[in-house]
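Asker: Can you read through this structure? Questions will come right after.
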Amino acid sequence: MAYGGGRSGKTINTLVWMTMRALTFAGARQVVVRSTLKTCRETIFDLSFPEALRLLDPELHKKIEFNKTDLTATFPNGSVILFVGVDENRLENILGQEFCTIYINECSQIHSYNIVAQLMTRLSQKVTNGKRLKKEKQTAPMRMLFDMNPPSKSHWSYKAFIELVNPTDRTPWDKPDEWAAILMNPLDNAQNLPADYIDNLNKSLDAKTRSRMIDGQFSTEVENALFKPEWIAKNRVHTVDLASLRKIVVAVDPAVTSGAASDETGVVVAGIDENDHIYVLADRSLKGTPDQWARAVAQAYEDYGADEVIAESNQGGDMVKTTLRQANSFLPVRLVHASRGKVIRAEPVSQAYETNRVSHVGHFQRLEEQLESFSADYNRTKQGSPDRLDALVWAIWALAVKERKPNTLKVGAIAGF
């Protein structure tokens, strides 16, 4: 991973290397990935890639066949570089292919490590070059490349490349040397930049943005985050007597689809005691079929002796209740409907955290990452769906609502918020 400030040459260097690789190994298949197809086309296929070709050989682009519909560049020796986005389920289109190089450009915009893990499965093409001057054929080593301007330390890239742990469960990598990172900043590339570029950045950017865009530093927290790490850490406990809780709920935020690129289904268990203090008991979220997440909900209900299941019905309606009842026909399911945005629903829950009314019973890494990355300017299209957070918010709403109708839950008066 190459990370650092803007205009440091990260993208161009990588594209030059991929082009040399395509010329060296006939039939090599490589892919450039961005968060959206639009940005991949506009910033890489149309701009950066042609610039990389000119740096190598001003005439090279004439020898390459460009397909502007499929976004492919085909070399005379049969090597191909494909340019894709992972938005709108496009990830499915490349999961059946094999590549010797996968390059994720601006990987800070890929908010789910699950996408990275799925792409890794496509790093499987074995390709060799021909004999040269009596030397044996060479096999191209498979490579996965990343670059970005650093986001916050809660991002999976910081855990994978800086802390050298698996972002999913924080276990150390078996082969940490394979996760290499290099810091590249604009000062290192000053000879290729306008003379006043860095001075203008220093004058126009605030301190936090300068730290990211000039010094290439990871920030300690997300700007405008609704949930602060210190709030969670301060109130964390390691055990709680379930008998002391007057109500326990299992909240589920079902995924719309169950394909390889689908969102997770958020499943969170929480309870409240006689003093109106809320405890987050478990995060059973998963990626799976409706039958799988329904069984996970039913199991959580049994494991914690819950009083009811709270299920968001925006996607699926009554079918959500039917699916859950197939896993356990006796589940007391209450459907809730989101009539307002995620940020509006999350704000009073954030206040409960800030005023020390919520305790996590143990550590829930992926849930806490979503909480600490969720800000007032959240954008689902760019950042993905925070399904674990959604389930937690519904659980706390359900526990804190003073009055409710039997089968509906609306954002209303919340006790103690």
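Yes or no, residue by residue, for (1) free of Cβ contacts under 8 Å to residues at least 60 places away in the same chain; (2) surrounded by fewer than 14 Cβ atoms within 10 Å (Cβ to Cβ):
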residue	(1), (2)
169	no, yes
177	yes, yes
183	no, no
192	no, yes
211	yes, no
214	no, no
218	no, no
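Asker: Let me ask you something else. Taking residue 145 as the residue in question, decide whether it is surrounded by 14 or more Cβ atoms within 10 Å (Cβ to Cβ) and either in contact with a helix residue (DSSP H, G or I) (Cβ under 6 Å, 6 or more places away or on another chain) or under 25 Å from residue 31 (Cα atoms) (or both).
Answerer: Judged against the criteria, residue 145 is a match.
Asker: State whether the residues of the stretch 157-166 include one that is touching a strand residue (DSSP E or B) at 6+ places or on another chain (Cβ under 8 Å), surrounded by 17 or more Cβ atoms within 10 Å (Cβ to Cβ) and more than 24 Å from residue 124 (Cα to Cα).
Answerer: Scanning the stretch 157-166 turns up at least one residue that is touching a strand residue (DSSP E or B) at 6+ places or on another chain (Cβ under 8 Å), surrounded by 17 or more Cβ atoms within 10 Å (Cβ to Cβ) and more than 24 Å from residue 124 (Cα to Cα).
Asker: Name the single residue that is most open to solvent (accessible area, probe 1.4 Å) among those in the stretch 289-316 being in a loop (DSSP other than H, G, I, E, B) and at negative phi.
Answerer: 315
Asker: Ok, one more. For residues that are out of contact with any helix residue (DSSP H, G or I) (no Cβ under 9 Å at 6 or more places or on another chain) and part of a loop (DSSP other than H, G, I, E, B), scanning just the stretch 90-121, find the one that is most open to solvent (accessible area, probe 1.4 Å).
Answerer: For the stretch 90-121, the residue satisfying everything is 98.
Asker: Only one of 268, 249 is closer than 28 Å to residue 111 by Cα, out of contact with any Gly (no Cβ under 6 Å at 6 or more places or on another chain), touching a residue at least 40 places away in the same chain (Cβ under 8 Å) and not small (Gly, Ala, Ser); which? Spell out how you get there, then give the answer.
Answerer: Numbers: 249 fails: closer than 28 Å to residue 111 by Cα.
Checking each option against the conditions leaves just 268.
Asker: Now for a different question. Among what's in the stretch 122-139 and is hydrophobic (A, V, I, L, M, F, W, C) and at pLDDT 90 or above, pick the residue that is least open to solvent (accessible area, probe 1.4 Å).
Answerer: Checked the stretch 122-139; the qualifying residue least open to solvent (accessible area, probe 1.4 Å) is 127.
Asker: Looking at (1) open to solvent by less than 70 Å² (accessible area, probe 1.4 Å); (2) modelled with pLDDT under 90; (3) assigned to a helix (DSSP H, G or I), which is the one condition that is false for residue 319?
Answerer: Condition not satisfied by residue 319: (1).
The values are calculated or read from the model by the stated rules, or taken from the named source; none is laboratory data. Small disclaimer: the values here were computed from a predicted structure and weren't measured. Heads up, the Cβs are rebuilt from the backbone with ideal geometry, glycines too, and the neighbour counts pull from every protein chain shown. Note: accessible area is taken over every heavy atom of the protein model, side chains too, but ligands, DNA and RNA are not part of it. Shrake-Rupley method; radii C 1.70, N 1.55, O 1.52, S 1.80 Å.
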